[in-house]
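The values are calculated or read from the model by the stated rules, or taken from the named source; none is laboratory data. These numbers come from a predicted model, not from an experiment. Ideal geometry is used to build each Cβ from the backbone, glycine not excepted, and the neighbour counts take in all protein chains shown. Protein only, heavy atoms only, side chains kept; ligands, DNA and RNA dropped before computing areas. Shrake-Rupley method; radii C 1.70, N 1.55, O 1.52, S 1.80 Å.
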Amino acid sequence: MTDVAFIDDDDTMRAANVQALTLAGLTVAAFALPHEALAAIDGAFPGVVVTDVRMPRIDGLELFRRLRAIDPDLPVILITGHGDIAMAVDAMREGAYDFLAKPYAADRLLTSVRHALDKRHLQLENRALRRAAEAASENLPLLGDSPSMERLRKTLRQIADADVDVLVEGETGAGKDVVANALHRWSRRAARPFVAVNCGALPETVIESELFGHEAGAFTGAVKKRVGRIEHAHGGTLFLDEIEAMSPGLQVKLLRVLETREIAPLGTNDIRPVDIRVVAATKTDLPTLVRQGVFREDLYYRLHVVSLRVPPLRDRRADIVPLFAHFLDRAAKQFGRAVPAIGEAERRHLQTHDWPGNVRELAHFAKRVALGFSEEPDQADPIGQDEPLPRRVDAFEAAQIRKALEATQGDVQAACEALGLPRKTLYDKLRRHAIDQSAYRPTPG
C-alpha cells in the first residue's frame, strides 16, 4: 500500500526526499512528471500527495486542481520556493492540506505527511462505513404511508439542501438516526463525511477529545495527534445523538462551535475553521431541561433553527404491518430461512402491542418470528401462577433464551440479535440461569 506519491521533476530533490520518507518507514511512489502521477492516482488512493509547484507543462497547482476533481478529500502537500508562498496560501484556501517552503527540514516533511495520512485513513474508513450502512438499507424505518410519515419525508426533502442546523426529537427506537442520515444523503453534502457521536455513550473523560481532537502530549496518554469528530465532519454532517446527555461545560464549547464554525483542539491555540451541518437528536423534552437548568437555553435555541419530530410507532399503526413485513423478509434472508407464515398470536401482537421501543423493537420482534419463536401471551406459565412474581419472570426469561438458542442452533450472535440483547448481557443471563449454549449446537457428523 502506497503511503506517499512524491512528484518533482528535479532528480536530486526527488531522490533525497524519497530516501528520507522511506527511512521513516513510509512506502513511496516517486514520479518525475505530473501526468504519470495522475495516471496512478484514483479516488481510492490510500495515501497522500506531495508535489513541487514549479514543474513544466503541468505545474503543482494545476496538478492539485486535477487531483481535487478525482477526489476532493485527497490530502495534497505543496513544495514551494519563497516566491511562490502567496500562491501556496491561495491553494490552501482551495483545499490543499499544507505547503513547505524551501529549504525545509526532513522532520517538517515527515510531520506534515504523517498528519495528512491520519486524516486520509479516517476519510477512507468513514467512506467504508457509509457504504456498509447504505448496503444495510438503513432507511427502512422511514417507510410508511401514514400522514405523519408522508409529512416527515416531505419536510426532509424540503430542508435537506437548506444549510441549517436541525433538532430531531423522538422516542427511543423511533429512527432519529435514520432521519439524520437521510438529511445528509439527500443534501449537497452527501459526498462528504457523515459523522455520528452518541453523547450519552461516551464517558465524560473522553468526549471532549473525541469531539475536538487533540495534539500529541495534550494530556496523559495522548501519544499522538488525533483528529476530532467535528473536524473530521468538515464539509459534511455532524450527528449528535442524545444531546441532552452533554455536560454543561461541553455545552458551552459546542455553542461556541455552532456560532463561530471554528474549533481549537486540545493542546493547541490554533483556531481551525470547520464547514459542518449539525443535526442533534434528543429523546427528552429539552424545554423542560432548560427550565430545570440542566440544558443551556441559548444552545437549545441555536439548535432549534429547524425542529423535526419522529412519530412513535403507536401513533402510526397503519405502518406497523408493512414495516414488519420488510423486517421479516430481511431477517429471513439474514438467517438463511424461508419467510414464515404469520400466526394468530403474532398478528394479534402486531395489532394490540403499544411498541414502547418503536421501530427498533419491531425489528427485533421480526427476527424472533423469523427464527420460529415469538411472544405467545396465551402460553401456560412455565412455573405456575402460585409462585412469586420474580421466580415467574426468571422462568419466562430463561425459557425465551432457550428458545432463541434452539432456533439459532446455539449461535450466540444470532440469539443476541433475536432477543435484542448485547452479547455481554446475554452471557450474564446464561450464567445466571445455568444455560449451556453449546448444548444447542448441532452434533458433528
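The Cα-based radius of gyration and maximum Cα-Cα distance (Dmax) for the stretch 224-265 are 11.0, 31 Å. Couplings 3J(HN,Hα) for the stretch 175-184, derived from phi with the Karplus relation 6.51 cos²θ - 1.76 cosθ + 1.60 (θ = phi - 60°), are x, 5, 5, 5, 4, 4, 5, 5, 4, 5 Hz, where x marks Gly and Pro.
Give me the percent of the accessible area of the stretch 266-415 that comes from carbon and sulfur atoms, probe 1.4 Å, all protein chains in place. Intermediate results must be reported in sequence, preceding the final value.
Working: 4040 of 7910 Å².
C and S fraction of accessible area: 51 percent.
Accessible-area rank, largest first, for Asp354, Asp145, Asp3, Asp161: Asp145, Asp354, Asp161, Asp3, with all protein chains present and a 1.4 angstrom probe. Whole angstrom only: what separates the Cα centroid of the stretch 224-254 from the Cα centroid of the stretch 163-215? Using only Cα atoms, the two centres lie 8 Å from each other.
Here the calculated FRET efficiency for Glu259 and Val290, from their Cβ-Cβ distance with R0 = 22 Å, stands at 0.80, rounded to the nearest 0.05.
Here is the link list: Lys102/Lys225; Lys176/Lys253; Lys283/Lys424. Which ones come out longer than 32 Å on Cα distance? If you can, show how the numbers build up before the last one.
Details: Lys102/Lys225 25 Å; Lys176/Lys253 24 Å; Lys283/Lys424 25 Å.
Beyond 32 Å: nothing from the list.
If you sort the three axes of the alpha carbon gyration tensor as a ≥ b ≥ c, you get a/c of 1.5 or more for the stretch 13-72 and a/b no higher than b/c, which makes it oblate. Sorted into 10 angstrom bins from 0, the C-alpha pair distances of the stretch 174-295 split as 13, 42, 35, 10, 0 percent.
The label-point distance for Gln409 and Met1, in a model that sets each label 7 Å from Cα toward Cβ, rounds to 3.5 nm.
Take every Cα pair under 8 Å whose residues are at least 6 apart in sequence, average their separation, divide by the length of the chain, and the relative contact order is 11 percent. Of all lysines in the structure, those lying under 17 Å Cα to Cα from Lys333, and not within fewer than 8 positions of it along the same chain, are Lys367. Taking the Cα centre of the chain as origin and assigning +1 to Lys and Arg Cβ atoms and -1 to Asp and Glu Cβ atoms, the resulting dipole is close to 380 debye. The Cα-based radius of gyration and maximum Cα-Cα distance (Dmax) for the chain are 27.2, 92 Å. Average accessible surface for the chain: 49 Å² per residue, computed with a 1.4 Å probe over protein heavy atoms with every protein chain in place. Full extension of the chain between Ala44 and Ala338 gives 102.0 nm of extra length, using 0.36 nm per residue less the Cα-Cα distance.
Split the accessible area of the stretch 1-103 by element, probe 1.4 Å, and carbon with sulfur accounts for 55%.
Heavy atoms only, probe 1.4 angstrom, no DNA, RNA or ligands counted: give me Val48, Val164 ranked by accessible area, highest first. Provide the component values of the computation, followed by the final result.
Values: Val48 0, Val164 45 Å².
Per-residue accessible area, sorted high to low, gives Val164, Val48.
Mean residue ellipticity at 222 nm, helices only, the chain: -14500 deg cm²/dmol; runs of at least 4 DSSP H residues each add -39,500 (n - 2.57), and the sum is divided by the number of residues.
Assuming R0 = 60 Å, can you tell me the calculated FRET efficiency for the pair Arg347 and His121, based on Cβ-Cβ distance, to the nearest 0.05? Show your work: numbers first, answer last.
Details: r = 49 Å, r/R0 = 0.82.
Rounded to the nearest 0.05, the efficiency is 0.75.
The radius of gyration of the Cα set in the stretch 293-370, together with its Dmax, comes out at 17.5, 53 angstrom.
Which shape class, rounded, prolate or oblate, goes with the stretch 149-197 when its Cα gyration tensor gives a ≥ b ≥ c as root eigenvalues, a/c under 1.5 marks rounded, and past that a/b bigger than b/c marks prolate? Cα axes put the stretch 149-197 in the oblate bin.
Take the Cβ atoms of Gln19 and Glu204, set R0 to 51 Å, and the FRET efficiency comes out at 0.65. On a 0 to 90 degree scale, rounded to 10, what angle separates helix 11-23 from the longest Cα axis of the chain? The angle comes out near 40 degrees.
Relative contact order of the stretch 1-154: 20 percent, from C-alpha pairs under 8 Å at least 6 residues apart in sequence. Summarised in one figure, the compactness ratio Rg/Rh of the stretch 77-129, Cα atoms and Kirkwood Rh, is 1.07.
Name the residue farthest towards the positive end of the dipole of the chain from the options Thr284, His234, Gln123, assuming +1 on Cβ of Lys and Arg, -1 on Cβ of Asp and Glu, about the Cα centre. Of the options given, the answer is Thr284.
Kindly work out what percent of the DSSP beta bridges joining two residues of the chain are antiparallel, to the nearest 5. Write down the numbers at each step before the final one.
Values: 3 of 37 bridges.
Restricted to the chain, the bridges split so that about 10 percent are antiparallel.
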